[in-house]
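Just so it is clear, none of the values below were taken in a lab; they were calculated from the coordinates. These numbers come from a predicted model, not from an experiment. A quick note on method: Cβ atoms are made from the backbone with ideal geometry, for glycine too, and the neighbour counts reach across all protein chains shown.
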Amino acid sequence: MYEERKETFSFKSFFLTVLVVLLFTFLMLWLFPTKTQVTDKTQTGTYDINRIEFLYGEVFANNITRMKDAAIGYFTNERMPQKIGESKKLTLQEMYDLHLVLKMQDIDGNACDVERSYVEMTKYENEYRLKVNLSCGSTEDYIIVYLGCYSYCSDGICEQKKPTDKPVKPTPDDPDEPDKPDKPDKPDKPDKPDKPDKPDKPDKPDKPDQPDKPDKPDKPDQPDKPDKPDKPDKPDTPTKKYLYEYKLETKASTTCTAWSDWSKNAVNGTDSVKVETKTVQELTGYKTVQEQTGTRKVTVPKKVTERYVSGYTTKLVQVGTKQVQVGTTTKTVTEKVAVGTVEKYDGIGSGTKVPQNTSTKHYKVISTDKPTSCSYCENETIYTWEIYTVETVYDVVDKEVKVPVYKNVDVFEEQTVPVYDYRTVEKSETVDVPVYEDKKIPQYANVTYYRSKTCTTTPAKVDYKWSYSKEDKDLLNKGYVLTGNVKEV
């Protein structure tokens, strides 16, 4: 009985070994695309995060994922472009300044380009397109993410689902760290998209109750239990496992009750109680006033004071003043006297003819030369001269001069001037007198009304979880994202 079981075990081991070799060969062809495939992808621009991980490494993909998540969180409705075709862009430097992401480096520790790296949101007719471009060292690439109010969005705008991405997600573990001994774990993860290979299981006629055991390598903890007795000679089975850290960032939110009815009762606002006021003019009573409705003509007496000429007289009248010279006096004054000239250097000139000296400019030749580049002017002479500005030098001397002395005298004329007198006379005039009537005017006063609502604020928080899978669907569906932290278990 023992010998029969041992022979069955050898057949199963051989079958599983062949299956693993075929699976590993298929994975290598699938994970490492040909040059033609890479070129096609580059020309069409059809990238996603998983394919970038394949081509440029896990660190690059994690950085671009961080930029994408930060951009989705930043572009709220108020910050979204409003017109179709309009775009809004944030460079990596601006994301640093807004504290949206931490500093980014490539796998060699080189800082990513803060200007060439950016996120750009563009509005389309029914959705938005987010372009995330990252440039680190010699590597530069981008991804395109579509956002919109899709039927599966749990709250407002969300990322467009891409079913074709699902088979690719398990594979980014392979290309980034080929030299590490724990990388053999990677072939286990792609078993999810390889489920179509299950039709090979009917080749086991001896044990129809055990076809599901080859699928257990998808689970980190279970492959060792059934396979320890079945695969004692398999040296390539990885022994190291890793935990991947996820995080879920919950933004701060505020929930408020409905506004209360307007009331004259004053309400004081607090951090949790929001208050609005409005001022309304209300009727408080009436005031009786006299309002002019017209005028009427009335004749009234009037005393008028008038001026009249009582006679004439002749008298001497002062009409002004004039200056009259009454003598001379001696006065000392200063006078500028030219004592010579001085020349001041004012630059250098050149030409075939020296300018003539003037009273203000002097020209002194300092050199002569024959032109070498001019065939038709070989008989000419090129002069170089210094230019000097001629300035007159003055001296100030005292000088006594005689000046006239004047005084003002009054000027009189004899004029005939009328003499006036004043008297009061009785007259009458017609004036307009206002006519008034009583009128009631409404009186208003400003009345303040209040209304309030109570708001409860839930602070922002970050929840961290560890998982054996880098593509944990439960966590991803709940909104968790990879942080890039990995630890061996």
| said: For a test of the definition: using alpha carbon positions, the gyration tensor, and the 1.5 limit on a/c, classify region 291-441 as rounded, prolate or oblate. | reply: oblate
| query | Which value in nm describes the separation of the simple spin-label points at Glu426 and Asp97, placed 7 Å from the Cα toward the beta carbon? | reply | 9.4 nm
| What nm value, rounded to one decimal, do you get for the distance between Asn265 and Asn485 when each label is placed 7 Å out toward the C-beta? | 5.1 nm
| Separation of the Ile387 and Val433 label points, Cα + 7 Å toward Cβ, nm | 9.3 nm
| Whole-angstrom gap from region 240-316 to region 87-144, using each part's C-alpha centre | 52 Å
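Can you give the FRET efficiency to the nearest 0.05 for Ser138 and Leu22, using r as the Cβ-Cβ distance and R₀ = 41 Å?
According to the calculation, E is roughly 0.65.
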| request: May I ask you to derive the FRET efficiency for Lys336 and Thr416 from their Cβ-Cβ distance with R0 = 56 Å, giving the value to the nearest 0.05? | output: 0.45
| said: Please list, by residue number, everything in region 423-454 whose backbone N is under 12 Å from a paramagnetic label point 7 Å out along Cα→Cβ of Val273. | reply: 451-454
| query | What order, most packed first, do the peptides 352-361, 140-149 have when packing is the mean number of other Cβ atoms within 10 Å of each residue? | reply | 140-149, 352-361
| Any idea how far the Cα center of region 459-489 sits from the one of region 345-407, in Å? | 89 Å
| Computed E for Asn477/Cys153 - FRET, C-beta separation, R0 22 angstrom, nearest 0.05 | 0.95
| request: Mind checking the full-extension length gain between Ser253 and Glu306? Use 0.36 nm per residue of separation minus the Cα-Cα distance, one decimal, nm. | output: 10.1 nm
| task | Compute the label zone of Thr329 within region 403-436: residues whose backbone N is under 11 Å from the point 7 Å along Cα-to-Cβ. | result | 403-407
| How far, in nm, would the chain grow between Thr372 and Trp466 when pulled straight, counting 0.36 nm per residue and subtracting the alpha carbon separation? | 25.1 nm
| task | Compute the length gained on full extension between Thr358 and Thr321: take 0.36 nm times their separation in residues and subtract their Cα-Cα distance, giving the result in nm to one decimal. | result | 8.0 nm
